[in-house]
1. Please arrange Ser59, Ser136 by counting, for each residue, the other beta carbons lying within 10 Å of its beta carbon, fewest first.
2. Would you order Val103, Val127, Val53 from fewest to most other beta-carbon atoms within 10 Å of each residue's own beta-carbon?
Amino acid sequence: MGIFDQLRSIFSRTESDPALDIVADEADEVDEAGGRVERRSRDRVNGREGTRVLIIDDSPTIVAALKKILRSAGYVTLEALDAEKGLEIARKDNPDLIFLDIVLPGMNGFAALRLMRRDPLTKHIPVIMISGNQQSAEQFYANKIGADDFMKKPFSRYEVFARIERLLDHLRIPRRQDAGQTESEPA
């Protein structure tokens, strides 16, 4: 069998062939019948208009991209290029959500997250960690110390909103999924 015949046989196999199972893009979903649903075929659920999001990243490009994406959906953005300034803004302005880069000048994102989780003024704020490092160890550690979600760079507009949507409560306000609260404590 020649190379072209081999390629033709590979591409002519049906999707049901387990040898060709392709992991769906995490942005895609699966319907009740087990088929893939195009990610753009369902309506996005946004946070309510005016939701305040703090972006802490040392890359002006990432900050500008997130700012543009979020503002296009009616979010209000606050920005900081380092963790120290980000912590100051978080304590003073009490944002509804924080995007926090891991690699920052001075204090890194892990240290900043630890301080946020210990501070009564910021411990309730959901945090989505972002990193250009593709190591799953970073994601595990971020989740272990209190991150509510993790997003790898580069990211798409869709992924930004999918991460936010996971954190929205019934009032479309971002909430911590496991904030260690008891049932009697308010969310």
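What follows draws every value from the coordinates through simple rules; no lab data is involved. As the structure is a computational prediction, the values presented were derived from the model and not from experiment. So basically every Cβ, Gly included, is an ideal-geometry build from the backbone, and we count neighbours across all protein chains shown.
1. Ascending Cβ contact count within 10 Å gives the list Ser136, Ser59.
2. Lowest count first: Val103, Val53, Val127.
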